[in-house]
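Notes to accompany the following structure.
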Amino acid sequence: MLISSENQDGTPNLAPISSAFWLGWRAMLGISAKSQSTRNLLRTGEGVLNLPSDTMAPAVDRLAMTTGSDPVPPGKLRRGYFHVADKFGRAGLTPVPSETVAPPRVAECPVAMEVVVEAVHPVAEADEQLRGGIVAVEVRVQRVFVHEELRLAGTDDHIDPDAWRPLIMSFQKFYGLGPQVHPSTLSRIPERLYRGPDIDRARAVPVKAVTPGR
């Protein structure tokens, strides 16, 4: 995914991450504790999770080895990272105003979710060498935006899994999805039976006023 967040000077940052899992309207993000995205998320408490399709690999790859941190942290410097202030420009992607958070969404991403930070969970705290290097950030979704071609015909809140082709990173290489390999028994359960209170909480969040020029 591409995480958009807000820098201290009000400009947007955009960064790819490949470690995330979902629980209802919440997500857990595995991310470096020292990255610009993490600092922005923890400082502002909000961001946008933009999910690129498999056709967007070149745009995502243009963000590889870039960082919004200036100066570049020593660990990233050793790996060849370099500072880029305008990440949207670097990737050739379009920022569009969000409804409930300050950071913009990525117009080209078929799915975008505006989120707020609920908790931060340290990882590898018992290991002296790894302590403080990685965190799992728990976020809650407040808005979901989906390109029309992904909607299941005849519905206004369902994704057509045959139309959704996300970009997947496996062992640092880009892949897409193949066709469904077997019918799923679990898919017979209506999705509404899984819905928790987060979706009602999200619907109650008002739209933020957009600041001119942002």
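The values are calculated or read from the model by the stated rules, or taken from the named source; none is laboratory data. Since this is a predicted model, take the numbers as computed values, not measurements. We place every Cβ from the backbone using ideal geometry, glycine too, and count neighbours over all the protein chains shown. Please note that ligands, DNA and RNA were not included when accessible areas were found on the heavy atoms of the full protein model with its side chains. Shrake-Rupley method; radii C 1.70, N 1.55, O 1.52, S 1.80 Å.
Can you list residues whose amide H is under 5 Å from residue 20's amide H, if they're 5+ apart or on another chain and H is modeled 1.01 Å from N?
When sequence neighbours closer than 5 places are left aside, the close amide H contacts are 30.
Rg (Å, one decimal) plus Dmax (Å, integer) for the alpha carbons of the chain?
Taking only Cα atoms of the chain, I get Rg and Dmax of 17.7, 54 Å.
Relative to a virtual label point 7 Å from the Cα of residue 21 in the Cα→beta-carbon direction, which members of segment 112-144 show backbone nitrogen distances below 14 Å?
Only 136-138 pass the distance filter.
Calculated FRET efficiency, residue 203 and residue 127, Cβ-Cβ r, R0 35 Å, to nearest 0.05?
Numbers: r = 41 Å, r/R0 = 1.18.
Calculated value: 0.25.
At 1.4 Å probe size, what's the solvent-accessible area of residue 170? Round to the nearest 10 Å².
Per-residue accessible area (residue 170): approximately 50 Å².
Taking all protein chains together and a probe of 1.4 Å, list 171, 145 from the most accessible to the least accessible. Walk me through the numbers on the way to the answer.
Details: 171 195, 145 50 Å².
Ranking 171, 145 by accessible area, largest first, yields 171, 145.
In the chain, carbon and sulfur make up what percent of the accessible area (probe 1.4 Å)? Can you show the working numbers first?
Details: 7100 of 12570 Å².
Carbon plus sulfur share of accessible area: 56 percent.
Full extension from residue 171 to residue 100: what is 0.36 nm times the residue separation minus their Cα-Cα distance, to one decimal in nm?
Result for the pair: 22.1 nm of gain on full extension.
Grab the beta carbon distance between residue 195 and residue 54, set R0 = 35 Å, and tell me the FRET efficiency rounded to 0.05.
Details: r = 29 Å, r/R0 = 0.82.
For R0 = 35 Å, the calculated efficiency reads 0.75.
For segment 1-87, build the convex hull from the C-alpha positions and give me its volume per residue in Å³.
Numbers: hull volume 8.8 nm³, N = 87.
Taking the convex hull of the Cα positions in segment 1-87, it is 101 Å³ per residue.
Which of the three applies to segment 87-208, rounded, prolate or oblate, going by the alpha-carbon gyration tensor with a ≥ b ≥ c and a/c under 1.5 meaning rounded?
Values: a/c = 1.33, a/b = 1.23, b/c = 1.08.
Verdict is rounded for segment 87-208.
5 Å is the cut-off here: which amide hydrogens, built 1.01 Å from N in the peptide plane, fall below it relative to residue 66, excluding neighbours closer than 5 in sequence?
Placed amide hydrogens put 82 under 5 Å from residue 66.
By DSSP, what percent of the beta bridges with both residues in the chain are antiparallel, rounded to the nearest 5? Before the final figure, lay out each step's value.
Values: 43 of 45 bridges.
Taking every DSSP beta bridge within the chain, about 95 percent pair in antiparallel fashion.
If each residue of separation counts as 0.36 nm, what is the full-extension length gain between residue 118 and residue 149 once their alpha-carbon separation is subtracted? Spell out each step's value before the answer.
On the way: separation 31, 0.36 × 31 = 11.16 nm, distance 3.12 nm.
Separation in residues times 0.36 nm, less the Cα-Cα distance, equals 8.0 nm.
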